[in-house]
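Contents: one structure, followed by commentary.
The values are calculated or read from the model by the stated rules, or taken from the named source; none is laboratory data. Being a predicted model, the structure only gives us computed values, none of them experimental. Methodologically, a virtual Cβ is constructed for each residue, glycine included, from the backbone with ideal geometry; neighbour enumeration extends over all protein chains shown. In case anyone asks, the SASA skips ligands and DNA or RNA and just uses the protein heavy atoms, side chains included. Shrake-Rupley method; radii C 1.70, N 1.55, O 1.52, S 1.80 Å.
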Amino acid sequence: MYEIKAYVKQGKADHVVDALAQLEGVKGIAVVPLQEYGHAQGSGKLTKVEMVKLELDVSSRELADTVARCIVEHARTGEGHTGDGHVLVSEVGRAIRIEDGADQA
């Protein structure tokens, strides 16, 4: 099992979610609004950035790679714009379903 977290600009979140919904094997997406502060390019000052965190779990490495590529493709605001976000992919060592206590990894 793989966990994917993506930090994308708020204005791109719906576009990314719509694209992910078209992928077979994506069963759900958690969308968490964030109040984030980041360094504006060249200014050195922290500025408020409207970001959203997307979280989803997938069953295979191949699907995790497909999801990551989809997010990058649909979250970009242009060629190489600073502040478009990040995608993090992690392998989950163990997952337990609360409903019945079953291991899912």
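Worth a mention:
- The condition (being under 21 Å from Val8 (Cα atoms) and basic (Lys, Arg)) is satisfied by just one residue among Arg97, Arg69: Arg69.
- Top-ranked residue of the stretch 43-101 - restricted to ones that are in contact with a helix residue (DSSP H, G or I) (Cβ under 6 Å, 6 or more places away or on another chain) and open to solvent by 50 Å² or more (accessible area, probe 1.4 Å), ranked as modelled with the lowest pLDDT: Glu50
- Test for His81: is it more than 15 Å from Leu20 (Cβ to Cβ) and under 11 Å from the mean Cα position of the chain (by Cα): no
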